[in-house]
Amino acid sequence: DALTTSDVPRLLGRVPLPERVARSVVGRRDRLDAAARAVVDAASLATGSPAIAQLAAMAGLELARAIEALESAQEHGLMRATSCRHDLIRDALRGAIGDARAAELHRRAACHLADAGAEPELVAFHARQADDREAAWPWVLRAAQRLKQRGERDAVVATLSEVRDHA
């Protein structure tokens, strides 16, 4: 049922991660030292392939220590470059991170990305995930301006409606 006629997953996104698998991944993460755990947690919440500096900022580590922690996580098979090795790992770790910790990691990401001059959509995403709407709205509006310049009217209207509804 999860596959279409072309063997492309159709319902797979709705299939929950088996608890046993999630516990195994979290157990592997828990065997890491505190710095490596922080980097892996940060990577599980980051979008795309974050820069090492972003992971360091999210984890609250010096860059050199973040590099060591990243290498340790790679040796344990949890990371590939600066991203989680697999979506399964990302999903398991996201489920294991408490709401307050996730919000703090997202807040740190938003601050770092804003300082680094990242795309407004990315800063807005992390600020929203940190549940800091006041910090998110200027970035959401900048993202809407970029959408307007690209001629994506429907996306602009949806974005501005969201701001109106929540402001």
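For the reader, a short list of remarks on this structure follows.
- Surface accessible to a 1.4 Å probe, per residue, for the residues of the chain, Å²: 59
- Positive-end ranking of ILE52, CYS84, ALA109 along the dipole of the chain, with charges on Cβ about the Cα centre, is headed by CYS84.
- Cβ-derived FRET efficiency at R0 30 Å, ASP165 paired with ASP30, nearest 0.05: 0.15
- With 0.36 nm allotted per residue and the present C-alpha distance subtracted, the GLU134-ARG101 stretch has 9.9 nm of extension available.
- Extended-chain gain in nm, criterion 0.36 nm per residue less alpha-carbon gap, LEU17 and ARG94: 26.6 nm
- Panel note: the C-alpha atoms of the range 73-166, placed on their principal axes, show extents of 45, 27, 25 Å (largest first).
- Net +/- balance of residues flanking ASP30 in space, Cβ distance below 13 Å, scoring K and R +1, D and E -1: +3
- Here the alpha carbons of the chain define both size measures, Rg and Dmax, at 17.8, 50 Å.
- Over the range 33-167, relative contact order from alpha-carbon pairs under 8 Å, at least 6 apart, %: 19
- Amide H contacts under 5 Å for MET79: GLN74, ARG85, restricted to partners 5 or more places along the chain or on a different chain, H placed in the peptide plane at 1.01 Å from N.
- Ligands, DNA and RNA left out, the accessible area of the range 63-127 computed with a 1.4 Å probe is 52% carbon and sulfur.
The values are calculated or read from the model by the stated rules, or taken from the named source; none is laboratory data. Keep in mind the model is a prediction, meaning the values are calculated, not measured. Positions of Cβ are generated from backbone atoms using ideal geometry, with glycine treated the same way; all protein chains shown enter the neighbour counts. Note: accessible area is taken over every heavy atom of the protein model, side chains too, but ligands, DNA and RNA are not part of it. Shrake-Rupley method; radii C 1.70, N 1.55, O 1.52, S 1.80 Å.
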